[in-house]
Amino acid sequence: MRSIHCKVFGHDIKETKRVTYHVREYKCKNCNKEFTTNSNGRLTELTPKFKEINEVLERVHNKRLLMAINKQTTFKQDYLLVFSH
């Protein structure tokens, strides 16, 4: 019955996960189908292949964020001038 609602009125999509800044995963509230954004930025059904791609993207994205944060904190600590009397 829920899939009939989606066929007639369309999916009621809600964001479930942010993979990167541009890639997100979505889920329909009615039929529980999962979607993601593809390389063109359009919604496609979340297949096992896309799920694996999103996991790798998320891992690389998080690693880059951590490296950028570490680089900023290291930069601040290494180049501070310390004055002592």
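Of all residues in the stretch 18-28, which are in contact with a strand residue (DSSP E or B) (Cβ under 9 Å, 6 or more places away or on another chain), under 30 Å from Leu66 (Cβ atoms) and touching a residue at least 12 places away in the same chain (Cβ under 8 Å)? Scanning the stretch 18-28 gives Val19, His22, Val23, Arg24, Glu25, Tyr26, Lys27. All conditions in (1) in a helix (DSSP H, G or I); (2) of a type in the set (Asp, Glu); (3) within 10 Å of the chain's Cα centre (by Cα) hold for Glu52, with the sole exception of (3). Within the stretch 59-85, the set of residues being of a type outside the set (Phe, Trp, Tyr), at pLDDT below 75 and part of a helix (DSSP H, G or I) comprises Gln72, Thr73, Thr74, Lys76, Gln77, Asp78. Would you check if there is a residue in the stretch 11-28 being surrounded by 16 or more Cβ atoms within 10 Å (Cβ to Cβ), among the polar types (S, T, N, Q) and either within 17 Å of the chain's Cα centre (by Cα) or outside any helix (DSSP H, G or I) (or both)? No; the residues of the stretch 11-28 include none that is surrounded by 16 or more Cβ atoms within 10 Å (Cβ to Cβ), among the polar types (S, T, N, Q) and either within 17 Å of the chain's Cα centre (by Cα) or outside any helix (DSSP H, G or I) (or both).
Filtering the stretch 29-49 to residues that are surrounded by fewer than 16 Cβ atoms within 10 Å (Cβ to Cβ), touching a residue at least 12 places away in the same chain (Cβ under 8 Å) and in a strand (DSSP E or B) leaves Leu43, Glu45.
The values are calculated or read from the model by the stated rules, or taken from the named source; none is laboratory data. All figures in this text were calculated on a predicted structure; none of them were measured in a lab. Neighbour counts are summed over all protein chains in view; Cβ atoms, including those assigned to glycine, are modelled from backbone coordinates with ideal geometry.
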